[in-house]
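Student: This is the structure I want to talk about, given as structure tokens.
The values are calculated or read from the model by the stated rules, or taken from the named source; none is laboratory data. Source: prediction; values computed, not measured. Note: ideal-geometry Cβ built from the backbone for every residue, glycine included; neighbour counts use all protein chains shown. We work out accessible area using only protein heavy atoms, side chains counted, and drop any ligands, DNA or RNA first. Shrake-Rupley method; radii C 1.70, N 1.55, O 1.52, S 1.80 Å.
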Amino acid sequence: MEEIFHLIKLAQGGDEGAKTRLIEENAPLIKSVIRRYKNKGTDYEDLFQLGCIGFLKAVKNFSFDYNVRFSTYAVPMIAGEVKRFLRDDGFIKVSRATKSLAVKINSFVEKYKQENQESPPIDMLAGEFGVEPFEVVFALDAIKTPVSLYEKGEGGDDESGQTLLDKIADKRSLDDGIDRIILKDMIRSLDARDKLIIVLRYFKDKTQSEVARVLGVSQVQVSRLESKIINRIKEEFNPNS
């Protein structure tokens, strides 16, 4: 740890040799991030170069006052550089089917609101269009830029403003690799209702009360369900904790 901090200080002072050594020693970390973006129309070597750019930005901006490991700080910077390029270059697109579904849902919602003076619950929309509840949420928000697992929520009934990673990860596990950091596989494995709760709470910045209205249950029930989901994921995320 002291060695990497020493190299970071040298790199921040303009030492090109230190920058090169940091990239060489952290190449596995960079590669573990960029492999998520293969088959997006960009050559692997170009992705690696983008990852290196993000990594060097992390080196430049890292503060020793942060109470995190450098790798924890670097991962979202690396991923962000790659995603920004792919988005700006037009490779990340919303599918025509998703856009079409979003238009149909919005039309139904507007008509329902006019007739009932309230928004239809997600389960009703899912049944109306023959899709899973979380697919409704994704479709309705299809045009918006995805929120990072590292981005802090604003508000919420618990007013914690924590990221999903804040709640389920410890500093040791965050160094184990990008697979665990982004939690993609764990979230994908949840059932439709649990996935919807996580999506609304941590990706869409909804409060527990707002989620309760969507699901047609009480805020207390949402709080209990959320705690169970987080604890279950946490057990898988940190099996030895």
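Student: In region 10-34, how many residues are basic (Lys, Arg) and in contact (Cβ under 8 Å) with a residue 24 or more places away in the chain?
Tutor: 1
Student: Filter region 85-101 down to the residues that are touching a Leu at 6+ places or on another chain (Cβ under 6 Å) and either at pLDDT below 75 or over 30 Å from GLY54 (Cα atoms) (or both) and list them by number.
Tutor: Scanning region 85-101 gives a single hit, ILE92.
Student: Kindly establish whether GLU110 is of a type outside the set (Phe, Trp, Tyr), open to solvent by 80 Å² or more (accessible area, probe 1.4 Å) and modelled with pLDDT of 80 or more.
Tutor: Yes; evaluated as a whole, the condition is true for this residue.
Student: Something else now. Taking the residues in region 37-66 that are crowded, with 16+ Cβ neighbours inside 10 Å, under 19 Å from the mean Cα position of the chain (by Cα) and not aliphatic (A, V, I, L, M) as candidates, determine which candidate is farthest from ARG84 (Cα to Cα).
Tutor: Ranking the qualifying residues of region 37-66, first place goes to PHE55.
Student: Can you find, within region 113-151, the residue that is least open to solvent (accessible area, probe 1.4 Å) among those that are at pLDDT below 75 and of a type in the set (D, E, K, R)?
Tutor: ASP141
Student: State which residue is nearest to ALA126 (Cα to Cα) when the search covers only region 184-226 and only residues that are open to solvent by less than 50 Å² (accessible area, probe 1.4 Å) and of a type in the set (Lys, Arg).
Tutor: Here the answer is LYS195.
Student: Could you tell me which of the residues ASP185, ASP194, ASP170 is modelled with pLDDT of 70 or more and acidic (Asp, Glu)?
Tutor: One residue alone meets the criteria, ASP194.
Student: List every residue pair whose Cβ atoms sit under 7 Å apart, with the two residues 6 or more apart in sequence or on different chains, where the first one lies in region 55-76 and is without any contact (Cβ under 8 Å) to a residue 60 or more places away in the chain and the second, anywhere, is open to solvent by less than 60 Å² (accessible area, probe 1.4 Å) and not in a helix (DSSP H, G or I).
Tutor: Taking only residues 6 or more apart or on different chains, the pairs are PHE55/ASN26; TYR73/PHE62.
Student: Identify all residues within region 1-36 that are open to solvent by less than 60 Å² (accessible area, probe 1.4 Å) and polar (S, T, N, Q); write none if there are none.
Tutor: ASN26, SER32, listed by residue number.
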